[in-house]
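Peer 1: Could you have a look at this structure, given as structure tokens, before my questions?
The values are calculated or read from the model by the stated rules, or taken from the named source; none is laboratory data. Computed from a prediction, not measured in an experiment: that's the story for all the values here. Counting neighbours? That spans all protein chains shown, and the Cβs are built from the backbone with ideal geometry, glycine included. What goes into the accessible areas is simple: the full protein's heavy atoms, side chains included, and nothing from ligands, DNA or RNA. Shrake-Rupley method; radii C 1.70, N 1.55, O 1.52, S 1.80 Å.
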Amino acid sequence: VNADSIVGHSGLRTKWFCASLLRQELVSFVGSDAHDPKHRKPLLSQCEELVHRKYGEGYARALFLENPMKVIKNQTI
């Protein structure tokens, strides 16, 4: 899921949909659709804080650290 969508920069309906996916723990990764620091900034830090606050430290750690590392190590998620 795109960080912009989670924090609400892609519209309220998209934010609500992402919240539903997060509540059900159906998200495995959070990415950024950032193109440059001026027009489309990466919002990963802001998004990680939101996920941590609303869905817990463990889930945030899985989405932003553990699952990406498993991909790098060619491990099952």
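Peer 1: Probe radius 1.4 Å, ligands and nucleic acids left out: which of Ile77, Ile72, Ile6 has the largest accessible area, and how do the rest follow?
Peer 2: These residues rank, largest area first, as Ile72, Ile77, Ile6.
Peer 1: What nm value, rounded to one decimal, do you get for the distance between Ser10 and Glu25 when each label is placed 7 Å out toward the C-beta?
Peer 2: Here the answer is 2.3 nm between the modelled labels.
Peer 1: Near Lys73, which lysines are there with a Cα under 17 Å away, not counting those fewer than 8 places off in the same chain?
Peer 2: The reachable lysines, counting only those whose Cα sits under 17 Å from Lys73, number zero.
Peer 1: Quick check for me: using +1 on Lys/Arg Cβ and -1 on Asp/Glu Cβ, what's the dipole size of the chain about its Cα centre, in debye to the nearest 20?
Peer 2: Charge dipole of the chain: 120 debye, to the nearest 20.
Peer 1: Convert each backbone phi in segment 7-16 into a coupling constant with the Karplus relation 6.51 cos²θ - 1.76 cosθ + 1.60 (shift: θ = phi - 60°), then list the ³J(HN,Hα) values in order as whole Hz, x for Gly and Pro.
Peer 2: Working through the residues one at a time gives 7, x, 7, 10, x, 5, 5, 5, 4, 4 Hz.
Peer 1: Restricting things to alpha carbons, tell me how big the chain is in terms of Rg and Dmax, in Å.
Peer 2: Radius of gyration, then largest Cα-Cα span, for the chain: 12.4, 36 Å.
Peer 1: Here is a further query. Skipping prolines and chain starts, which residues have an amide H placed within reach, meaning under 5 Å, of the one on Asn2, given they are 5 or more residues away or on another chain?
Peer 2: Gly31
Peer 1: Next up: Rounded to the nearest 0.05, what FRET efficiency do His52 and Gln75 have when you use their Cβ-Cβ distance and R0 = 22 Å?
Peer 2: 0.45
Peer 1: Where does the charge balance sit around Ser5 when Lys and Arg score +1, Asp and Glu -1, over other residues with C-beta under 12 Å from its C-beta?
Peer 2: 0
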